[in-house]
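Working notes, beginning with the structure itself.
The values are calculated or read from the model by the stated rules, or taken from the named source; none is laboratory data. Note that the coordinates shown come from a computational prediction; the quantities given were computed from them, not determined experimentally. Ideal geometry is used to build each Cβ from the backbone, glycine not excepted, and the neighbour counts take in all protein chains shown. Surface areas here come from the heavy atoms of the whole protein model, side chains and all, with no ligands, DNA or RNA. Shrake-Rupley method; radii C 1.70, N 1.55, O 1.52, S 1.80 Å.
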Amino acid sequence: LYSSASDSDKSIRFKIGKGIAGNVALTGKHENIVDAYADPRFNPAFDKQMGYVTRTMLCFPVFSNVHGKSEIVAVSQLINKLDEHTGEVVPFTAQDVENASQFATFAGIGIMNNRTFQHALAARNDAMNLISKKEKPMAAGKTFNIDQYSIDLELESNVEESELNVSRSNAFNIHSYKNDHNAPNLVRIIIDLFEERGYLKKFKVPREVMCKFVLAVRLLYRNIPYHNFLHAADVCQTCYCYLRYGGLEDILDDLNGFVLMVVALVHDVDHMGLNNSFHFKAETP
């Protein structure tokens, strides 16, 4: 956790689980502290650092919906509540806790909206730099130094037959690779799909050449949340299933089937992670 003051260049940092705020971040439960210095979790060093004396404290988590899951994105603290009549420091009440909970709901939405805006702003600048040719597309004029060792490492990888069988079926789940751009065995599995269809043998494509091609394709994908190499592998495997189980092989000959799987593998090369809606709203040329 870290905190910085808008009117000061000072900031404080500490690990989750340490101190009162760290404990709230860990447990997700609020803490209403009547006497901060009587609580063994309280660290008075921060008071000395900030030139302040903490007496009462209300500390509560800020939640937000991240990828469909409720997660703690911040911890908020209210310190030294003052009595409106006497001006003296008094404990926080149950109503204060309820008010803080309501505030946390909107704070969580605000934090995530700000993060989304910052991401969109950075992505827009990236897109504009690309369009103005300040940054060349990754695929433009790119040369690859894929050595024999890298090729041998992929082709000789010890992939279990059970994993290959799953990859050749409708039970294949790309999420089992945990969004790892360089997930082990994935290149080998893609090559196996082409081999199983008989395309490499029929069109006389050496396994080493195919491996080098897949490795080059992986290099051309950006490590972005969705339109990445895992997505490409998933689409390629889906096309394989359409050919094998969906009757598409009865419509397409081997050459077109081969082309379909290759196109599936490269269809989002150099994708920047921006959709058409973004480009429309950002008014990119």
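From Asp39, Asp7, Asp47, Asp83, grab the single residue that is open to solvent by 90 Å² or more (accessible area, probe 1.4 Å) and either out of contact with any Lys or Arg (no Cβ under 7 Å at 6 or more places or on another chain) or modelled with pLDDT under 85 (or both). If you could, list the steps in order and put the result at the bottom.
Numbers: Asp39 fails: open to solvent by 90 Å² or more (accessible area, probe 1.4 Å); Asp47 fails: open to solvent by 90 Å² or more (accessible area, probe 1.4 Å); Asp83 fails: open to solvent by 90 Å² or more (accessible area, probe 1.4 Å).
Going through Asp39, Asp7, Asp47, Asp83 in turn, the sole match is Asp7.
Please determine, by comparing only the residues of the stretch 61-80 that are of a type in the set (A, V, I, L, M) and in contact with a Ser or Thr (Cβ under 7 Å, 6 or more places away or on another chain), which one is modelled with the lowest pLDDT.
Val73
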Qualifying residue in the stretch 169-183 (condition: open to solvent by 90 Å² or more (accessible area, probe 1.4 Å), at pLDDT below 75 and among the charged types (D, E, K, R)): yes
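Keeping to the stretch 50-60, report how many residues are at pLDDT 85 or above and assigned to a loop (DSSP other than H, G, I, E, B). Spell out the reasoning first.
Here is the first cut: in the stretch 50-60, the ones at pLDDT 85 or above are 52-60.
Remaining after also requiring assigned to a loop (DSSP other than H, G, I, E, B): 52-56.
Residues that pass the stated criteria total 5.
Against the definition (open to solvent by 60 Å² or more (accessible area, probe 1.4 Å), at pLDDT 90 or above and not β-branched (Val, Ile, Thr)), how does Pro285 come out, yes or no? Reasoning before the result, please.
Working: open to solvent by 60 Å² or more (accessible area, probe 1.4 Å): yes; at pLDDT 90 or above: no; not β-branched (Val, Ile, Thr): yes.
No, not satisfied.
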Residues (without any contact (Cβ under 8 Å) to a residue 60 or more places away in the chain, open to solvent by 10 Å² or more (accessible area, probe 1.4 Å) and more than 27 Å from the chain's Cα centre (by Cα)) located in the stretch 213-255: Tyr242, Gly246, Gly247, Leu248, Glu249, Asp250, Ile251, Leu252, Asp253, Asp254, Leu255
Subset tally (residues that are within 22 Å of Gly28 (Cα to Cα) and of a type outside the set (Phe, Trp, Tyr)) for the stretch 82-108: 15
Residue check for Asn43: of a type in the set (S, T, N, Q) and either touching a strand residue (DSSP E or B) at 6+ places or on another chain (Cβ under 8 Å) or under 30 Å from Tyr226 (Cβ atoms) (or both): no
Positions within the stretch 94-125 being touching a residue at least 60 places away in the same chain (Cβ under 8 Å), surrounded by fewer than 15 Cβ atoms within 10 Å (Cβ to Cβ) and out of contact with any strand residue (DSSP E or B) (no Cβ under 9 Å at 6 or more places or on another chain), in sequence order: Ala120
Residue selected from the stretch 24-36 under the condition touching a Phe, Trp or Tyr at 6+ places or on another chain (Cβ under 7 Å) and either part of a loop (DSSP other than H, G, I, E, B) or open to solvent by less than 30 Å² (accessible area, probe 1.4 Å) (or both), by the criterion farthest from Glu98 (Cα to Cα): Ala36
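Out of the helices (runs of 4 or more DSSP H) lying entirely within the stretch 181-246, which hold 2 or more residues that are over 24 Å from Glu156 (Cβ atoms) and of a type outside the set (S, T, N, Q)?
229-245
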The stretch 37-93: number of residues that are among the basic types (Lys, Arg), in contact (Cβ under 8 Å) with a residue 24 or more places away in the chain and closer than 23 Å to Ala107 by Cβ: 1
Where a residue in the stretch 188-206 is within 17 Å of Gln237 (Cβ to Cβ) and among the β-branched types (Val, Ile, Thr) and its partner, wherever it lies, is part of a loop (DSSP other than H, G, I, E, B) and open to solvent by 10 Å² or more (accessible area, probe 1.4 Å), with Cβ under 7 Å and at least six apart: Ile189/Val159
Pair list, Cβ under 6 Å, 6 or more apart: the stretch 152-173 residue over 12 Å from Asp234 (Cα atoms), other residue open to solvent by less than 80 Å² (accessible area, probe 1.4 Å) and of a type in the set (Val, Ile, Thr): Glu154/Val187
